[in-house]
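This report refers to the structure that appears directly beneath it.
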Amino acid sequence: MKCKKCGANDAEVYLAYSNLKLCPECFMLLAERKVRNTIETYKMLSKNDNIGIAVSGGKDSATLAYILSRSFEKIPMTLIYIDLGIPDYSQHCLEKVKELSKIIDRDLIVYSLEKELGFRIPDFKSTIYGRKMCSACGTVKRYLFNKITYDLGLTKIATGHNLDDTVEAIFNSYMEGNVGALVRLKPVLPKTHPKMMPKIKPLICLTDMECLLYATYRNLPIRMLECQFAKRSRTIRRKEVLNLLADKIPSFKHTFISSHYRRILPLLEKALGGQSVGDEMGIFDCPVCGMPTSLRSMPCHFCKIVSLLKRKA
Ligand SMILES: [Zn+2]
Ligand SMILES: [Zn+2]
């Protein structure tokens, strides 16, 4: 079977949602074009930007960093890696992001939890977060990626959330009726507080599988180890269910997300009185660290969970 685009090479990739059989080269070009189109559609980048890219050693952030770096050569970019102190895993991932930074010739900032803050993610094991390690880890990473970007004086942060991640998150917010989360699940999150850095998700147009294929075909350095704390989480189970739907209805994920952004989200935002998400949720300064939080006169989520560790020590 020949590639439907070039007609010359053998097709290796089948994209069911668009019924396309492509050779690796045409697939990679298509993936890159989709990311550039997404960036343009949502006005994610401007020429005065100096962005941070959150990297983890995984396929998504490697794909993100590679495509951004090659497509926007003139925009300054810094890779940001948080060393979570997870035995073997964190060191392994660090080696991958170091390699990536060399390949794309962009600086890498490594922020070590242990050196900077005196704790590691495994320390949460003995707290009430022992069964919710991924939740604690997510809070720590979200907080620090924002803070590091702010402290470095960068203009925004790009993350590797892909189509599957986003469909799962939107689906979950619908299920829980979490309107606040639903309006925050946007491809671009603007600055709603002086210390809240804008966030962009250029990979929302690519599926999990497309990111894996892209990273593999480009031979990007990606981790081979799984995090010891990432069990079969609810997130993973929900993704499996959504993949079953996509097996039956190939365009499911793409239709779901575009209906949400084009039709539902504008209505939700209107129903909330045309206020920005920040106003609707309320954004306050954390009395402990001074960073933005949705909690009024209370320490932010990050300060709250870190104080659990200090109390134990
Ligand atoms: Zn081709
Ligand atoms: Zn705080």
Problem set entry | Tally, over the stretch 102-134, of residues that are without any contact (Cβ under 8 Å) to a residue 40 or more places away in the chain, farther than 28 Å from residue 309 by Cα and buried (at least 16 other Cβ atoms within 10 Å of the Cβ) | 1
Exercise. Yes or no: residue 6 part of a helix (DSSP H, G or I) and within 16 Å of ligand 1 (Cβ to nearest atom)?
Worked result: no
Exercise. If you take the residues in the stretch 36-48 that are in a loop (DSSP other than H, G, I, E, B) and crowded, with 18+ Cβ neighbours inside 10 Å, which one is farthest from ligand 2 (Cβ to nearest atom)?
Worked result: 45
For this session: Report, by residue number, each residue of the stretch 91-100 that is crowded, with 22+ Cβ neighbours inside 10 Å and closer than 22 Å to residue 147 by Cα.
Result: 93, 97
For this session: Go through the stretch 49-132 and tell me which strands (runs of 3 or more DSSP E), entirely inside it, have 2 or more residues that are within 20 Å of the chain's Cα centre (by Cα) and basic (Lys, Arg).
Result: none
For this session: Pull up the stretch 227-251, narrow it to residues that are of a type in the set (A, V, I, L, M, F, W, C) and touching a residue at least 12 places away in the same chain (Cβ under 8 Å), then point me to the one that is nearest to residue 15 (Cα to Cα).
Result: 246
Problem set entry | Evaluation of residue 203 against (1) within 30 Å of residue 25 (Cβ to Cβ); (2) out of contact with any Cys (no Cβ under 7 Å at 6 or more places or on another chain) (one fails), failing number | (2)
Exercise. What number of residues in the stretch 36-55 are without any contact (Cβ under 8 Å) to a residue 24 or more places away in the chain and farther than 11 Å from residue 202 by Cα?
Worked result: 1
Problem set entry | Pair list, Cβ < 7 Å and 6+ apart or interchain, from the stretch 11-35 residues that are surrounded by fewer than 16 Cβ atoms within 10 Å (Cβ to Cβ) to residues that are of a type in the set (S, T, N, Q) | 17/251; 25/9
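Every number here is computed from the coordinates shown, using simple stated rules; none is lab data. Computed from a predicted model, the values in this text were never measured in an experiment. Here the Cβ is made from the backbone with ideal geometry for all residues, glycine too, and neighbour counts use every protein chain on show.
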